[in-house]
Structures are given as structure tokens and as C-alpha cells.
């Protein structure tokens, strides 16, 4: 197949959507399919980061690029900017001629299918639905919550939704949030996870000192749950030797650093490591906390064989069984989270059992199987290959 993926989020932008696109493209290429990613031009690329956008360099120069950037051509269109919206930080491409550029790029690639991520979001996703001429698949990574403008232009958005030949949601909660009328084939396909890569992590030596390492690995943005986790870890810190590892970046990083209680500064680590060292941070964790609705964080922790404490909300419930792979806790109750952390510090055997069961459960979300499920969906709507 010749597959086109349209997304506002892609490398070097970090986040679950960018990771899902990159991993699917890698696996689809491994299976013999051609993949093109259509996304925004991120300013970081022009400040010295490697570039893989219609590569014209010599073979020797190509070998210097990171391997993950060599898996599928990336066609970067208009400049992309990161905006802080009510639902979190999002990228958005814009500029004069972006619609024409995308239309010409899609036509020039002679694609068999176009897969649009966050299809009812501006700018590139909506433009792709407008200009695509063949089968189109759309993936909703989060429950669909139209804002004021979305409700104002409801009929127009319905027209774009009707353009989808297949709709993918990553959870049953996402399924319930969709508009009532969905014309395309509707599937629930959970996120994938790179099980092998996360299993290869090595513990970071400086954190092997007997303290309970509590890991939060996600974007520091509204809704991430650190507002609850920070006071919970502080309460646990008063009763046990606990360290919090915050791995990730985002617009609220400075705010969360300022919220670290006095006296605890040395036991709260903020880090934004490169993707290749991320498994080492999971390997260094004794327990992973997911205080928000974040299936990608849950799956990464499970794939790394770490116990999961997750907010008891619908997307997380679909992956974690309370008392099996971890525990589901009230999302806003710092006291309950603190008591659970103290218990995990006192009962390491319980945590190890959660981790082993989580590692086993994560196998079914590995990318070889998840990519085939998406490819089979393409075939179900008439795409050959």
C-alpha cells in the first residue's frame, strides 16, 4: 500500500500522537508498505536538528541521521506553532498557501489511503479531509469535546466527519464521545507500545539508593494530574523514603517546579531526556503513576514491567485491572495516592507482582499486532495491498 499520514504532531514534537504515528510508520514499512507523513515544519528543525524531509543528500550523509528518522518520508508543509489550549498544548500549522501545498502533496504521492490523526482539528487534518480524493481513515486519540467554535459550526464539521470511510477511537470513552452520526466503519483500536524497546532499559545508577522511585512520564500540561501527584508524593515522603522522577516537558513545567514543597527539592527530579534513554527512566522506577487519563503512559509502564498506579477513569480502566497490573485510584484524592505510595514502599513484592502481570498484559499491544490491525482496517474499506 501507499499510505499517507496527516498529523499536526510529529518529531521533534514529543507526545503520544507523534509516537503513535512514528511507530506505526516504522512497522508498516517493515511489512513492505510505503508511508509518507504530512506534517508541519517545526522551527527546531531549522536550528540544527536532523532533517528527513524529501532527503536529497548523499548516502554517507543519510547514515548520520537517527534511524527513527529514516523510516518513511516526511513532507513538511507550513510552519507549525505550539498553542496552549483548554485541553492541553497542541501544534497547529498555518500560513499562506498551506491548503494548496497539502492538496498538491497528496495528489503527487498517488496514495491508496490517507490516515488523518485528530481529524476534526485544525489545520492540516481538516484540510486533508477536504482535499483527499481516495479512502480516508480518521483516528480520535482523545474523547471528542468540541469547543464553542465546534458547536457553532456543528453542521460543517459533520460534513467532514461524513468524509471518513473509517473512524478509529483508542478507547470506549472516545467511542461514547463521538457525534451521533458516523458514516464510516467504526473501530476501537487501542494505542500501540514498543514492548521490546521498553524492556531493554537499564537502571540509572544514581537512583539506586534504596529510595522508592516514583515516576511520572508525560507532558506537563493542563490535565496531566501533577497537581494531585505532587502533594501526594509529599505526604508519602513524610512517612517513607520517596523520590519523584518527572520525565517530560510542557508549558506548565515552571509552574510545577514552583509547586515542589520546601525541603523536598532534592527529591523531585525534573528531566526531559531524549527518546532513546526513556526506557532507562522506566527501568529506574519502582512504581509509575498516571494521575490523568493517559493510555500511552499506562502502556509504557506495563511494557517496562513496572507497577502502575492510575487514575480511576475510563481510558485507564480499559488497560489496568485493579489489583492485577496495578491499582486504580480516585483521580483527585491526594490522600489516597499518598497512602498507596507508602504501601508500595513497604510491600515491594506486591509491586513486583503487578509489574510482571503488566508486562505480560502489554504484549498484546505491541506494534507488530497493532499495525496489522490498522492495515486490516484499510483493507476492510477497499484498500488493496
Checklist entry - Pick from segment 340-369 the residues that are without any contact (Cβ under 8 Å) to a residue 40 or more places away in the chain and over 26 Å from residue 193 (Cα atoms): which of them is nearest to the chain's Cα centre (by Cα)? => result 340
Checklist entry - Within the group 351, 332, 385, 369, which residue is in a loop (DSSP other than H, G, I, E, B) and on the phi < 0 side of the Ramachandran plot? => result 332
Next on the checklist: All but one of (1) in a helix (DSSP H, G or I); (2) free of Cβ contacts under 8 Å to residues at least 12 places away in the same chain; (3) closer than 19 Å to residue 344 by Cα hold for residue 236; state the number of the condition that does not hold.
Outcome noted: (2)
Next on the checklist: If I go through segment 216-236 residue by residue, how many of them are in contact with a helix residue (DSSP H, G or I) (Cβ under 7 Å, 6 or more places away or on another chain) and under 17 Å from residue 16 (Cα atoms)?
Outcome noted: 4
Checklist entry - If residue 203 passes every condition in (1) under 20 Å from the mean Cα position of the chain (by Cα); (2) surrounded by fewer than 16 Cβ atoms within 10 Å (Cβ to Cβ) but one, which one does it miss? => result (1)
Checklist entry - Only one of 346, 363 is touching a helix residue (DSSP H, G or I) at 6+ places or on another chain (Cβ under 7 Å) and surrounded by fewer than 21 Cβ atoms within 10 Å (Cβ to Cβ); which? => result 363
Next on the checklist: Just checking, does segment 315-326 include any residue being within 22 Å of residue 293 (Cα to Cα), outside the structural domain of residue 288 (by TED's automatic domain parsing) and surrounded by 19 or more Cβ atoms within 10 Å (Cβ to Cβ)?
Outcome noted: no
Checklist entry - Scanning for something under 25 Å from the mean Cα position of the chain (by Cα), closer than 24 Å to residue 242 by Cα and part of a helix (DSSP H, G or I), does segment 315-327 turn up at least one residue? => result no
Checklist outcome for this item: When segment 8-45 is checked residue by residue, the ones that are part of a loop (DSSP other than H, G, I, E, B) and under 19 Å from the mean Cα position of the chain (by Cα) are 8, 9, 10, 11, 12, 13, 14, 15, 42
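The values are calculated or read from the model by the stated rules, or taken from the named source; none is laboratory data. Bear in mind that the values here come from a model prediction, so they are computed numbers and not experimental data. Don't worry about glycine lacking a Cβ; one is built from the backbone with ideal geometry, like all the others, and counts go over all protein chains shown.
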